[in-house]
Amino acid sequence: MEITIKRVYEPASPEDGVRILVDRLWPRGVSKARADLDEWDKAVAPSTELRKSYDHVVSRFPEFVSAYRTELDANPAAKELVTTLQAEKPAKVTLLYGARDETHNEAVVLKQWLKEQLGMAS
């Protein structure tokens, strides 16, 4: 299984595999048809409190990563996502996010966490 990340604003592609939006809020200006999602798993997104405290300030990213990983470890929905991926074994999963910053966002953290949970090399 390959796990990738992609901005939801980029066009959908057959190479994306299973497309899962991992934002708690629906991205502005994107129709459901254009998003072409297999799933919107907002339950695995950072809590509203964490999202607001991070506020996409890069200097706060290390604290965000730590806090979000703690949330994921305690989140039944995140564990359910792992179980589903283990059972369905899709060839490719693309985690979709709306943030402009491609290296400092929740999808980056979730991808690494999922790979660890699934026993995949980093």
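Of all residues in region 58-83, those that are open to solvent by 50 Å² or more (accessible area, probe 1.4 Å) and either out of contact with any Pro (no Cβ under 7 Å at 6 or more places or on another chain) or more than 14 Å from VAL109 (Cβ to Cβ) (or both) total 14. Yes or no: region 47-56 includes at least one residue that is touching a Gly at 6+ places or on another chain (Cβ under 9 Å) and not hydroxyl-bearing (Ser, Thr, Tyr). No. Taken over region 103-122, the criterion of being more than 18 Å from ALA43 (Cβ to Cβ), open to solvent by 80 Å² or more (accessible area, probe 1.4 Å) and either at pLDDT below 95 or in a helix (DSSP H, G or I) (or both) is satisfied by GLU116, ALA121, SER122.
For (1) free of Cβ contacts under 8 Å to residues at least 40 places away in the same chain; (2) acidic (Asp, Glu); (3) over 20 Å from LEU85 (Cβ atoms), each residue gets a yes or a no:
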site: TYR9; (1), (2), (3): no, no, yes
site: ALA12; (1), (2), (3): yes, no, no
site: VAL18; (1), (2), (3): no, no, no
site: VAL22; (1), (2), (3): no, no, no
site: ASP36; (1), (2), (3): yes, yes, no
site: GLU39; (1), (2), (3): yes, yes, no
site: ALA43; (1), (2), (3): yes, no, no
site: GLU49; (1), (2), (3): yes, yes, yes
site: ARG60; (1), (2), (3): yes, no, yes
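Scanning region 12-47 for residues that are surrounded by fewer than 13 Cβ atoms within 10 Å (Cβ to Cβ), hydrophobic (A, V, I, L, M, F, W, C) and in a helix (DSSP H, G or I) yields one hit, ALA33.
When region 48-87 is examined, which residues are found to be assigned to a loop (DSSP other than H, G, I, E, B) and closer than 24 Å to VAL18 by Cβ? Listed by number, the list holds a single entry, ASN75.
The values are calculated or read from the model by the stated rules, or taken from the named source; none is laboratory data. Not measured: the values here are computed from a predicted model. Every residue, glycine among them, receives a Cβ derived from its backbone with ideal geometry; neighbour counts consider all protein chains shown. Quick note on the areas: whole protein, heavy atoms, side chains included, nothing else; ligands and nucleic acids left out. Shrake-Rupley method; radii C 1.70, N 1.55, O 1.52, S 1.80 Å.
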